[in-house]
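Structure first, commentary second.
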Amino acid sequence: MISLPSSPATVVPLHDHQGSAFTAAWCGSLACTGGLDATVRCSDPETEAHSKIRAPGPIKWIAGGISNCYYAAATGGVFDMRDSAPRYSHNSEPTRIAHTEEHSTVASIDIGGTLITYDALRLHVVAERTEAHSAPAIVLRFEGENLWSAGFDGYVRLWNRGLQELESHRVAGPATQFAFTRTRLAAAHSSHLLWLRDRLSGVTQEIDVHAPISRLEFSKDENELAVATYTGEVHIIDPMTAMTKSSFRIGNDVRSLHFIADALLVVGYDGSAFSITLHSP
């Protein structure tokens, strides 16, 4: 059971969109968000400097990184944030994009279940697989050169760069969110249930968070799992024990989470973005 203890945290407002925002990522030292207003907005939490990129359509997802970022627009294009023309395009609306840590491979999946991998160094499509999921997939994440996807069809799948299936895990319901570490998998299903699996032993646990889960994110050191809800709560869970370490509220439903060092970037449905310090000195 999830409890709601109070926890000291520093919350810093960054910027707003003209309408809803669904995605956020750290692009180097900048906190960037994408909105239905067809803009990518970036802020530096230290200097409070702001910048804006105008896109051809609403922003569906941003894939962050140390040196570069990519975003997907509802028009089907996948863009390098440094360029105005898309690197490649889908025939239907992309739902998620991701890239490898060294930015050598970009991947994206669209609402029809078509999965594409792209060589960002040689600038060509590596592979394309139709019906990678039989229902929309809204999770896409790299593990090294391999790629995880999770879909409403209730499956979590691991692919290689050429889109050959390496692993398949059946979740008890539609996999609406997914996160992983080297030793653990986490998924949200049936709205409010958190599914945790030990990758070595196969032992699986389920936790009822009593609210629809909107995002999952493991910390870089793999010692914390952030579980956000559409009711505006963020729970910090110890993935080893499945116990809640702390919880807090931001006032509206959470649509994006991203850890960096001891901070968590949180974006609400109303387009508001916050930087939250989890560990006080």
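Derivation of every value follows stated rules applied to the coordinates shown; laboratory data play no part. Quick caveat, the model's predicted, so the values are computed rather than measured. Here the Cβ positions follow ideal geometry from the backbone for every residue, glycine too, while neighbour counts run over all protein chains shown.
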Are any of the residues in region 54-67 within 19 Å of SER275 (Cα to Cα), of a type outside the set (S, T, N, Q), touching a Ser or Thr at 6+ places or on another chain (Cβ under 6 Å) and assigned to a loop (DSSP other than H, G, I, E, B)? no
Out of ALA150, ALA107, sole residue that is assigned to a strand (DSSP E or B), within 25 Å of PHE22 (Cα to Cα), in contact (Cβ under 8 Å) with a residue 40 or more places away in the chain and in contact with a Ser or Thr (Cβ under 9 Å, 6 or more places away or on another chain): ALA107
Per the filter on region 198-248, residues surrounded by 14 or more Cβ atoms within 10 Å (Cβ to Cβ), part of a loop (DSSP other than H, G, I, E, B) and of a type in the set (Lys, Arg) are ARG199
Give the residues of region 34-64 that are touching a His at 6+ places or on another chain (Cβ under 7 Å) and either of a type in the set (Val, Ile, Thr) or on the phi > 0 side of the Ramachandran plot (or both), sorted by residue number. THR39
Return the residues of region 68-90 that are free of Cβ contacts under 8 Å to residues at least 24 places away in the same chain, in contact with a strand residue (DSSP E or B) (Cβ under 7 Å, 6 or more places away or on another chain) and part of a loop (DSSP other than H, G, I, E, B); say none if nothing qualifies. ALA74, PRO86
If ALA261 satisfies all but one of (1) within 24 Å of GLU206 (Cβ to Cβ); (2) surrounded by fewer than 21 Cβ atoms within 10 Å (Cβ to Cβ), what's the number of the condition it fails? (1)
Go through (1) in contact with a Leu (Cβ under 8 Å, 6 or more places away or on another chain); (2) buried (at least 17 other Cβ atoms within 10 Å of the Cβ); (3) over 21 Å from ILE116 (Cα atoms) one by one and return the number of the condition VAL171 breaks. (1)
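Residues are listed down the side, and each one gets a yes or a no for (1) under 19 Å from GLU143 (Cβ atoms); (2) touching a Ser or Thr at 6+ places or on another chain (Cβ under 6 Å); (3) of a type in the set (Val, Ile, Thr):
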residue: ARG184; (1), (2), (3): yes, no, no
residue: ALA187; (1), (2), (3): yes, no, no
residue: SER191; (1), (2), (3): no, no, no
residue: GLU206; (1), (2), (3): no, no, no
residue: ASP238; (1), (2), (3): no, no, no
residue: ALA242; (1), (2), (3): no, no, no
residue: ILE250; (1), (2), (3): no, no, yes
residue: HIS258; (1), (2), (3): yes, no, no
residue: VAL267; (1), (2), (3): no, yes, yes
